[in-house]
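For reference, the structure discussed in these notes is given below.
Nothing in this text is a laboratory measurement; each read-out follows from the coordinates by a stated rule. Every value quoted in this text rests on a predicted model; they were computed, and no experiment measured them. Counting neighbours? That spans all protein chains shown, and the Cβs are built from the backbone with ideal geometry, glycine included.
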Amino acid sequence: MGKQDKIEELKKELTNSILESAEYKEYKRLDEEIGRNPDLRRAVDEFRKKVFEVVNNDDIEDAYTAMVNLNIEYSDMRRQDLVNRYLTAEICFSSLVKDVIKSIVDPIDMELDFLR
């Protein structure tokens, strides 16, 4: 087996392991449950989008206050147990994926200083 074949095999194995993880299964289960209510889906997705924008916008001086304001704006939705379980599951799954990516990328020596 060549090195490229081995990499392809490992990618498939890693992907299957992620798909079989408890984090992914819980995230997908709750995602389907949220999806059964179109209005709730719309509100949750709008909230997630705004959170993403706050977290990834360097122009926002006080991200903490922006997040507090978002949670106040969406307080009715955030009081729902299903929503909180879903958002927590999303964070857990995202952390798993981030950890996997970091474990692959960190040891690789690649010049990326031009991105700063």
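Within straight-line reach of Lys6, meaning a Cα separation under 21 Å, sit the following lysines at least 8 residues removed in sequence or on another chain: Lys102.
For every helix of n ≥ 4 consecutive DSSP H residues, a contribution of -39,500 (n - 2.57) applies; sum these over the chain, divide by its total residues, and give [θ] at 222 nm rounded to the nearest 500 deg cm²/dmol. Before the final figure, lay out each step's value.
Numbers: 6 runs with 89 residues, N = 116.
Calculated at 222 nm, the ellipticity per residue is -25000 deg cm²/dmol.
In this rough spin-label picture, where each label sits 7 Å from Cα along the Cβ direction, the Met1-Asn37 distance is 4.6 nm.
Would you work out the charge dipole size for the chain about its Cα centre, treating the Cβ of every Lys and Arg as +1 and the Cβ of every Asp and Glu as -1, and quote it to the nearest 20 debye? Could the numbers behind the result be given before it?
Numbers: 19 positive and 27 negative charges, 95 e Å.
For the chain, the charge dipole is close to 460 debye.
Subtracting the Cα-Cα distance of Ile18 and Ile91 from their residue separation scaled by 0.36 nm leaves 24.8 nm. Cα extents for the chain along the principal axes, largest to smallest and rounded to whole angstrom: 56, 37, 18.
If we sort 80-86, 96-102 on the protection proxy, mean other Cβ atoms within 10 Å, highest first, what's the order?
On the way: 80-86: 14.9, 96-102: 11.9.
The packing order, highest mean first, is 80-86, 96-102.
Contact order, relative form, for segment 22-109: 42 percent (alpha carbon pairs under 8 Å, 6 or more residues apart, mean separation divided by residue count).
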